[in-house]
Structure formats: structure tokens, C-alpha cells
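The structure appears below as C-alpha cells.
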Amino acid sequence: MASETQQKNDFSKGSIVGNIMSLAVPMTLAQLINVLYNIVDRIYIGRIPDHATLSLTGLGLCLPIISMVMAFANLFGMGGAPLCSIERGRGRQDEAEKIMGNSFCLMLIFGTLLTVLGLLFKRPMLYLFGASDQTFPYADSYVSIYLLGSVFVMIGLGMNSFINSQGFGKVGMMTVLLGAAANIALDPVFIFTLNMGVRGAALATVISQGLSAAWIFLFLTGPKTILKLKKTCMKLEKKRVKDIVALGLSGFTMSITNSLVQIMYNATLQTYGGDLYVGVMTVINSVREVVSMPVQGVTNSAQPVMGYNYGAGEYRRVKQAIAFTSVVAIVYTAAVWMLVHGFPEFFIRIFNQDTDLIAAGIPSMQIYYFGFFFMSLQFSGQAVFVALGKAKYAVFFSIFRKVIIVMPLIWLLPRLGGLGTRGIFAAEPVSNLMGGTACFVVMLVTILPELKDGRKPLKEV
């Protein structure tokens with residue numbers, strides 16, 4: 001059976017396109033479930049009678065806080081799970097279980113800490129993130145309940161990595177599916193039937209995350225898992241914690257920079273456009289999550305295929321994978337650009353029906369997504385860097401586009417020639433052009449020369 005599995009997963013054989021797509025389909029489905037989990041609250045909230053736009057804007061103000069909680073889940077989950085795989089491959093099952101136990105303990109500690117600090121400083125944070133006296137009550141209602149479930153979010157997101165790393169992909173997908181299904185079912189009950197509004201959306205999310213966390217806990221302490229979650233393995237050890245944090249830092253950095261950009265957008269839009277434009281940004285972010293999902297599924301699926309063939313010395317196949325991934329990403333994002341530019345109202349109405357928001361959102365969305373295909377260069381370039389062990393390049397270009405380019409442009413462009421909110425939304429296409437092009441060109445210059453026959457494997461920089 002092991003031999004059959006190894007042959008089945010030999011990516012140096014067969015069609016490169018077939019290998020990538022065989023992974024892309026299930027991974028994209030899993031990401032679709034995850035996207036539904038994240039945006040279903042916004043779809044329902046956007047249909048609350050009387051104050052839909054203010055409620056949606058309030059939830060948008062909470063997104064940076066949600067991103068921060070996810071960042072810490074990624075720090076310990078994406079940091080610990082690969083180490084578990086390495087130790088299990090070495091036959092050191094006890095050490096693998098201790099790494100998993102330490103990661104679980106860190107999630108419990110930081111989940112509790114984030115809850116306490118978040119509740120203590122939520123008011124100044126929300127106003128810093130762009131809240132007004134009108135939107136603060138809605139943001140406060142949502143985040144106060146959401147923060148109480150921070151531990152569930154940490155376990156549900158972070159510990160699922162340890163299930164997937166053991167090869168239980170279907171179980172890992174069920175974790176996300178269970179939470180998403182519960183959230184979709186509970187949202188209308190709490191929001192509309194019980195008339196709880198944004199508090200109902202937050203409560204549905206917390207309960208859903210709690211179910212996912214319980215599912216994970218039962219599996220990792222049950223008879224079917226390879227590595228068991230044990231109390232004796234949760235005692236923190238300095239070197240173990242250091243290794244977990246060091247490996248998870250790239251995912252943490254990317255999540256934190258996303259949060260910083262969201263904060264900058266909301267705060268600046270509040271200054272130049274008020275609550276209405278913060279609501280527009282919430283809709284734009286929601287649309288972006290949906291339309292980016294397929295291309296991320298393909299680029300993420302290409303990574304193990306590229307890495308496997310690179311390790312096997314099949315450099316020609318690596319270059320074929322890079323070419324296929326890049327072409328698919330460019331074609332798809334170009335098609336998305338045309339759809340969003342041509343039918344912006346359709347995408348906006350998925351999340352909100354307010355006529356003022358639609359009127360403001362149509363030109364804003366067309367500006368924001370202008371030249372969206374340049375973002376494909378960022379997706380492709382970073383996928384190659386990660387696949388071939390150049391994770392530091394991937395982190396650098398994420399920071400380069402978001403912190404070095406986007407954030408200064410968000411501050412500068414609205415001040416030029418009275419551009420105002422148009423300048424704020426224009427920061428995104430400019431950064432896609434500059435950051436995406438830089439990432440892709442550097443990838444071509446640094447990677448392709450190393451993929452000639454007879455060259456030594458690439459070194460991490």
C-alpha cells in the first residue's frame with residue numbers, strides 16, 4: 001500500500017498539468033469552503049433591515065482584529081506542523097507529539113491573552129481602525145463576542161495543520177466544512193429570527209469555531225490519529241518553542257501585514273470619505289476573497305509539484321510547471337478584471353443593496369481592480385519561491401508590496417490633486433504593477449538560471 005501511494009504521488013511522472021490539477025481541485029474546494037466561512041457573515045449582515053450598511057461597515061472595522069488572531073494561529077500551526085512531519089519522518093514519534101503539544105499550549109495561552117487584551121483595548125483600537133460614533137456600536141457588538149472565541153479560532157485554524165500534516169486531508173477538510181455549515185445555518189437564525197443583528201453573526205461564528213475545535217480535539221485524542229495530543233507533551237521547552245516560532249514567522253508576517261494594510265485603508269477612507277467608503281472597502285475585500293480563491297488554489301497546488309521535481313533534479317519539468325502556473329494565473333486574473341470592471345454592481349449586490357453604497361462602490365471597485373492581472377505575477381512569483389525553498393524571498397515581496405508600496409501610497413495619493421478616495425483605491429493597482437512585476441522579474445532572474453541541467457540545488461537566502 002505504501003509503495004502504491006508513493007508511486008501515485010510521484011510528481012516526476014506523467015503530465016505536469018495533470019499533476020498540478022489533481023491537487024488543485026480538492027485544494028480549491030477546501031479554500032472555497034474556507035472563503036464561505038469567512039464571508040457568509042458579511043452576506044447576511046448586508047441584508048439586515050434598517051442599518052445594513054452601518055452593520056457591514058462595523059464588521060469591516062473588525063477584520064484587522066480577526067486577521068491578528070489568525071496570524072497567531074498561523075504562527076504556531078504553520079510553524080509546528082512541518083516540524084512534526086520532519087520528526088515523524090525520522091521515526092521520532094515522541095518528539096513529534098511534544099512539538100504538537102507545545103503548539104497546542106501556545107495557542108491556548110495566546111488565545112486567552114488576545115481575548116483579554118482585545119477586550120481591554122477594543123475601543124481605542126476600533127477608533128484607530130476607522131470607526132465613527134455611528135459605526136462603533138456595531139463593531140463593538142461583533143468584536144466583543146468574537147474575541148471570547150479567540151481560543152476556538154486558534155485551535156480550529158492552527159491545530160488543523162497537524163491533522164493535514166499526518167495525511168488526513170479529508171478529516172482536515174471536514175473540520176472546515178463542519179464550521180462553515182454550522183455558520184451558514186446559524187447566521188440567519190441568530191441575525192434575523194432572534195433579531196440579534198451583528199451580535200448574532202458573531203455568536204454564530206464563535207459556536208461554529210467551537211464545533212471545529214471540538215472536532216479537532218476529539219480526533220487528535222482519539223484512536224485514528226497517528227500523533228496523539230497528550231497533556232504530558234504540553235510542557236513548554238525553550239528550544240522547541242523557538243523552532244516553532246522561527247518556522248511559522250513567514251505565515252505570521254504575511255497575516256500581520258494584511259492586517260496593517262486593512263487598518264490603513266479603513267482609517268484613511270474614514271478621513272476622506274466617512275463611513276460609507278469604509279463600507280465600500282469591506283465589500284471590495286469580500287469580493288477579493290472570492291475572486292482570488294481559484295488562482296490561489298492553482299498556485300498553491302503547483303508548489304509541491306515544483307518542489308518534488310526540483311528535488312528529483314527534473315529541472316525541465318519545474319520550468320514547465322512555472323510556465324503553466326504563470327499563464328493560468330495571468331489569464332484568470334485578466335478575466336476577473338474584465339468581469340469586475342464590466343459588472344461591478346453585480347458583485348456589490350452580493351453583500352449589500354444600499355443605493356448610496358452601490359453608487360460609491362462602482363467607480364471605487366473599478367479603480368481598485370484596474371490591471372488586476374498584475375497581481376498574478378505576485379501569486380506566481382511567490383509560489384515559485386516557496387516551492388523551491390526561497391521562503392525569505394516570498395516574505396520579502398509580501399512586505400515590499402504591502403508595507404513599502406501600498407501603505408505610503410494610501411497616505412500620499414489622496415493628497416495629490418484632490419484625488420481623495422479615488423487616490424486611496426488607486427494605491428492597489430499601482431502596488432500590483434510595481435510589486436507584482438518586481439516579484440516576477442526577480443523570480444525569473446534568480447530561479448531560471450539555476451534550473452539548467454547540472455546545476456546544484458538552490459540555496460536558501
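Here is how the numbers come out for the structure above:
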read-out	value
Residue among G118, G91 that is without any contact (Cβ under 8 Å) to a residue 60 or more places away in the chain, surrounded by fewer than 21 Cβ atoms within 10 Å (Cβ to Cβ) and not in a helix (DSSP H, G or I)	G91
Pair list, Cβ < 7 Å and 6+ apart or interchain, from the range 56-80 residues that are more than 12 Å from N258 (Cβ to Cβ) to residues that are basic (K, R)	L56/R42; L59/R42
Per-region count, the range 157-188, residues modelled with pLDDT of 90 or more and under 14 Å from M78 (Cα atoms)	1
Failed criterion for S380 (all others in (1) within 19 Å of the chain's Cα centre (by Cα); (2) under 30 Å from D41 (Cβ atoms); (3) of a type in the set (S, T, N, Q); (4) surrounded by 24 or more Cβ atoms within 10 Å (Cβ to Cβ) hold)	(2)
Residues located in the range 322-368, provided they are under 22 Å from A427 (Cβ atoms), open to solvent by 30 Å² or more (accessible area, probe 1.4 Å) and aromatic (F, W, Y)	W337, F347
Filter result (in contact with an Asp or Glu (Cβ under 8 Å, 6 or more places away or on another chain) and either within 28 Å of I263 (Cβ to Cβ) or touching a residue at least 12 places away in the same chain (Cβ under 8 Å) (or both)) within the range 94-115	A96, K98, I99, N102
Residue match in the range 263-279 (condition: under 30 Å from I350 (Cα atoms), open to solvent by 40 Å² or more (accessible area, probe 1.4 Å) and within 21 Å of the chain's Cα centre (by Cα))	yes
Index of the failed condition, Y127 passing every other in (1) in contact with a helix residue (DSSP H, G or I) (Cβ under 6 Å, 6 or more places away or on another chain); (2) at negative phi	(1)
All positions within the range 339-368 that are in a loop (DSSP other than H, G, I, E, B) and under 14 Å from I284 (Cβ atoms)	I350, F351, N352
Residue list for the range 319-351, filter: under 23 Å from the mean Cα position of the chain (by Cα) and either more than 30 Å from A302 (Cα to Cα) or hydroxyl-bearing (S, T, Y) (or both)	T325, S326, Y332, T333, I348, I350, F351
Residues of the range 62-79 satisfying the condition of being of a type outside the set (F, W, Y), open to solvent by less than 40 Å² (accessible area, probe 1.4 Å) and either modelled with pLDDT of 85 or more or closer than 30 Å to I45 by Cβ (or both)	C62, L63, P64, I65, I66, S67, V69, A71, A73, N74, L75, G77
Residue selected from the range 444-461 under the condition over 17 Å from V386 (Cβ atoms) and open to solvent by 60 Å² or more (accessible area, probe 1.4 Å), by the criterion modelled with the highest pLDDT	V445
Filtered residues of the range 299-316 (kept if in contact with a helix residue (DSSP H, G or I) (Cβ under 7 Å, 6 or more places away or on another chain), open to solvent by 20 Å² or more (accessible area, probe 1.4 Å) and not aromatic (F, W, Y))	N300, Q303, P304, G307
Some residue of the range 39-49 being free of Cβ contacts under 8 Å to residues at least 60 places away in the same chain and of a type in the set (D, E)	no
Criterion (out of contact with any Leu (no Cβ under 9 Å at 6 or more places or on another chain), of a type outside the set (S, T, Y), in a helix (DSSP H, G or I) and under 30 Å from C62 (Cβ atoms)) met by exactly one of V283, V331, V291, V295	V295
Flag if T257 is under 30 Å from N352 (Cβ atoms), in a helix (DSSP H, G or I), touching a helix residue (DSSP H, G or I) at 6+ places or on another chain (Cβ under 9 Å) and modelled with pLDDT of 90 or more	no
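The values are calculated or read from the model by the stated rules, or taken from the named source; none is laboratory data. This one's a predicted model, so the numbers in the text were calculated from it and none came from an experiment. Because the Cβ atoms are built from the backbone with ideal geometry, glycine has one as well, and the counts that use them run over all protein chains shown. Side chains are part of the model used for accessible areas, which takes the heavy atoms of the whole protein and leaves out ligands, DNA and RNA. Shrake-Rupley method; radii C 1.70, N 1.55, O 1.52, S 1.80 Å.
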